Structure formats: structure tokens, C-alpha cells
1. From the backbone phi of segment A:219-231, what are the Karplus-calculated ³J(HN,Hα) couplings (6.51 cos²θ - 1.76 cosθ + 1.60, θ = phi - 60°) in whole Hz, Gly and Pro given as x?
2. In degrees, nearest 10, range 0 to 90: what is the angle between the Cα axis of helix A:249-265 and the longest Cα principal axis of chain A?
3. Among DSSP beta bridges lying fully in the protein assembly as shown, give the percent that are antiparallel, nearest 5.
4. Can you work out ³J(HN,Hα) from phi for every residue in segment A:356-365, in order, using Karplus 6.51 cos²θ - 1.76 cosθ + 1.60 and θ = phi - 60°, giving whole Hz and x for Gly and Pro?
5. Which of the GluC sites (Glu not before Pro) across segment A:256-315 are loop residues per DSSP, with 15 or fewer other Cβ within 10 Å?
6. So what's the projected area for chain B, the Cα convex hull averaged over all directions, in nm²?
7. What does the structure give for A:42-49 when I average, per residue, the other chain Cβ atoms found within 10 Å of the residue Cβ?
8. Mind pulling the per residue volume of the convex hull built on the Cα atoms of segment A:27-154? Å³ is fine.
Amino acid sequence: MIYLDNAATSFPKPPEVIKAITEALLAPASPGRSGHAPALKASRIIHGARKAIARLFGLPDNSRLVFTPNITWSLNIALNGLGLKPGDHVLSSALEHNSTARPLARFQKEICLDWEIVGPGPDHLIRAEDFKVRLRPETRLVVLNHASNVTGSLAPAKAIKEAIGSTPLLLDAAQTAGAVPMADYGQWADLIAFTGHKALLGPTGTGGLWIKEGFELRPIAVGGSGSRSESLVHPDFLPDSLEPGTANTHGLAGLAAGVEFLLKVGVDKVRQHEMELTQWFLANIVDIPGLTIIGPGPGQESRVATVSVVLDGWSSSDLAGALEKGYGIMIRSGLHCAPLTHQFMGTFPGGASRFSFGYFNTLEDARTAAQALSELAQSGHKA
Amino acid sequence: MAELDADIILVFSSNTKILNAEDLLEDKNLPFTLVPVPKEVNPNCGLALCFMESQKDRIMPVLIAADLVPSAAYRRLGPEFSSWDFWR
């Protein structure tokens with residue numbers, strides 16, 4: 001199998017991740033709930049994950065990092081917790097995933113949120129000045145997909161934050177955490193949402209949200225926290241306020257091991273490797289007759305290792321099926337939960353075929369995929 | 001007969017705070033233990049930080065400098081608990 005669907009879930013996981021999850025499963029796990037030794041061990045596992053993520057993002061205070069089941073929850077905690085009001089203005093890029101687009105669309109419908117979408121330029125990239133010129137006194141938030149899960153376009157997050165000044169920035173780092181060096185983001189980012197199962201090399205069921213000092217998010221769920229147990233009022237301090245219920249200790253053990261693996265290898269080296277594969281792949285498919293790259297092309301550096309294509313005569317799903325059946329290559333077809341992006345890119349509703357490389361892919365994987373695309377293009381299949 | 005050294009027990013609002021305190025004190029090789037929050041005096045679940053009163057001048061400045069302020073503090077001498085002024 002050649003696995004090129006790392007933008008959905010990374011595979012394989014480092015052996016350290018499997019070992020950490022297995023060891024966690026072999027012990028009782030009630031983090032923060034009891035005073036016995038196994039409970040303390042579980043607490044330390046989660047604390048280890050918190051410290052590892054804090055190092056990855058350069059966070060000044062690990063208590064303002066909350067763990068969630070996935071990034072959709074992280075983004076919903078942020079969007080629902082900020083207390084958006086009727087008439088508030090929110091800017092987002094056009095390359096948003098449904099995990100932000102759907103909550104914003106619901107606010108638009110239910111509370112008349114004024115949601116304005118900022119499109120990419122002709123080079124498929126998002127520009128900081130396009131946000132700056134759209135700021136208004138009533139702009140409450142800017143939502144930014146750090147990198148598109150369709151086009152691979154990498155947004156200039158720091159430049160956008162500088163351009164919008166004190167307006168809060170909610171950064172969706174689903175495609176970048178672990179794949180793009182972010183060690184200074186804790187110094188300037190307001191809200192960073194991430195997931196554990198993609199480039200952070202952890203398991204599904206893990207994610208989180210960084211909340212800068214000064215931001216208060218109203219919890220969307222309350223309950224057991226292991227703290228202030230005598231009170232019926234949910235704790236108002238982080239991380240407890242946004243972590244109701246027993247945490248996913250087993251998953252977070254794996255996430256911690258995945259992040260430690262990345263910190264040991266170096267995210268800069270991960271990025272260098274992934275970009276070498278991506279640029280090689282782009283350069284070797286760009287001239288395939290009938291093939292269109294949906295996003296930044298060869299040589300464009302502001303991107304991640306996700307390449308979507310449309311091939312004349314092929315539906316995105318037929319192409320994915322042929323790649324799996326004929327070559328053992330796993331990719332993702334369709335709309336990638338990002339209809340807005342496909343609308344802006346002109347690939348709605350048919351979608352595209354997405355190849356996404358990860359740290360464990362090789363140049364041989366990219367060669368095989370490029371060769372397969374070339375052969376399928378010549379085969380003259382008609383959808 | 002030597003005077004008994006009392007235990008100081010610090011309860012923190014969150015588990016994260018107590019684990020950050022643990023990291024900090026371990027880094028500085030200071031003597032302490034984590035113990036279950038004593039239910040005689042505090043209803044919280046989880047753990048508390050415990051150290052001998054004779055160590056307070058070494059430990060307290062470290063915690064205060066890191067903004068790790070407990071939500072409650074107790075002095076235990078034998079079976080007897082009393083409130084303890086963290087700031088003194």
C-alpha cells in the first residue's frame with residue numbers, strides 16, 4: 001500500500017506512539033480524579049502531552065492549552081465560546097474547512113452574524129492585506145485556515161495577525177501543526193486549534209485549543225472536572241473549565257509520543273522532507289495532458305504537502321478508485337469537507353483527487369503516484 | 001525531645017497547576033511529595049502538594065515566582081489540621 005492520505009489521518013504512526021498507547025491501556029486511567037498512584041500516572045501522561053504541545057507551539061502557559069476530542073470540537077469551543085452577537089462581523093478565508101464554515105453559517109442564519117469571506121489571489125494564496133482592508137469597528141474575529149486541506153495553500157498567519165492588530169485571530173492548524181514549524185506561535189497567536197491524528201502523528205480522538213491570556217471562552221459543556229467537586233458551579237479556570245469529563249488518557253499518551261517524536265526529529269526537517277516530495281511530485285505531474293493542479297503549482301513554496309488534481313475524463317472518485325485498484329495508492333476524492341474551497345477553485349461539486357504526503361512517505365511513493373497518474377491519463381477513461 | 005516537623009499541604013485549583021509545581025520542584029531538587037487531598041479539610045478530588053514546614057523558605061519562593069498559588073493551604077501536625085497562611 002502507498003498511503004497518500006495524510007491530510008485526513010497520518011499513517012503510519014511512529015512505534016513510540018503505539019508503545020505509549022499500549023502502555024497507557026495496561027494501567028488504570030482516572031486523571032485528576034483520585035489520589036492513588038495509577039491516577040497520578042494518568043495525570044502525568046496528560047501533563048506530558050500538555051508540555052509537549054506547549055514546546056511545539058512555544059506556549060508561555062501550558063494551563064491555557066485544553067485538550068479536546070478533535071479539532072472540530074476545538075473550533076466549536078472557540079466559536080461558540082466567544083459570545084458572538086447579532087450583527088458582529090467575522091472575516092474568514094475562502095479556504096475554510098466545514099469545521100469552521102458550518103458553525104459560521106449557523107451563526108449567520110441564527111443570529112444574523114455578518115460573515116465575510118476573503119478569497120485567495122490568482123496564485124491561490126491568501127493575502128494579509130485582503131483582511132486588513134475589510135476590518136470594521138464591529139469585526140469581532142478573523143478565522144483562518146492555516147493551510148487548505150484541498151489546495152495545500154499555506155496562509156501567512158503571522159502577517160495576517162500583524163495586519164489585523166488587536167482583532168482576535170482563530171487559527172485552524174489542522175493541516176500545519178507538526179508539518180510547519182510553529183515554535184514561535186505562542187508569542188503572538190490568540191487561539192490555535194489543532195488535531196492530534198494528522199501531522200502530530202497521534203491517534204484519532206485527540207485535539208486541542210490554545211487560548212491566549214485575556215480570552216475568556218464560555219464552556220459549551222460543563223460537568224465533572226475533578227476540581228471544586230463541592231460546588232455545582234463548573235470551574236471558571238483553565239484548563240478545567242474547557243475540559244469537562246474524563247480525558248482521553250490513552251489517546252493523549254499517543255499524542256504526547258507523536259509530538260515528542262516530532263520534536264526529536266525537528267519539524268523543520270519534517271517540512272523539508274515533505275516539501276521535497278511535494279515539489280518533485282508537482283514538477284512531474286504538471287505536464288500530464290488533461291491534468292489540472294488545484295492550487296499552488298511547482299516552485300510555489302507557500303504550501304503544504306497536499307496536492308489536489310482534476311484529470312480530464314475522470315471523476316475524482318473514479319480516479320481514486322483506479323489508483324487504489326491498479327496501483328495500491330490510497331488518496332481522497334470528492335469535496336474534502338471544504339465546499340467553499342472547491343467553489344472558489346471551480347471544482348464544485350465534482351471535487352478533486354487529493355494526494356497528501358507525510359513524513360514517512362518516500363520519493364519512490366511520489367514516483368509511483370506520478371507514473372500512475374500519467375498512465376491513467378493516457379488510458380482515456382471517461383467518467 | 002526534638003520538636004516534630006509539621007507537614008504543609010497545598011491544594012491547587014487544577015491538576016495542571018499541581019503537576020507544574022511538581023515539575024518545578026523536581027527540577028530544583030526540592031523535597032516534597034504528592035498526596036491525596038485530605039478529605040478531613042478539603043472536598044476536592046485529586047492531589048495536594050506536601051512538604052515539611054522546615055522546607056517552606058526554600059519551596060514557597062519557587063512556587064510564588066512561578067505564579068503557582070494554591071487555592072488552600074493547611075498545616076498538619078499529627079492528626080490535627082489547621083489553616084496555613086500561604087503568604088506569610
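Each reported figure results from applying straightforward, stated rules to the coordinates on display, with no laboratory input. This structure is a prediction, so every number in the text was calculated from the model and none was measured. Cβ sites come from the backbone with ideal geometry, for glycine too, and all protein chains shown count toward neighbours.
1. These are the phi-based 3J(HN,Hα) values: x, 8, 9, 10, x, x, 9, x, 10, 6, 4, 6, 10 Hz.
2. 60
3. On the way: 38 of 58 bridges.
Roughly 65 percent of the DSSP beta bridges within the protein assembly as shown come out antiparallel.
4. In residue order, the calculated couplings are 9, 8, x, 4, 8, 6, 10, 4, 5, 4 Hz.
5. A:E301
6. Computing the convex hull of the Cα atoms and averaging its projections yields 5.7 nm².
7. On the way: counts 0, 8, 5, 0, 3, 7, 1, 0.
Other-chain Cβ atoms within 10 Å of each residue's Cβ, averaged: 3.
8. Working: hull volume 20.0 nm³, N = 128.
Taking the convex hull of the Cα positions in segment A:27-154, it is 156 Å³ per residue.
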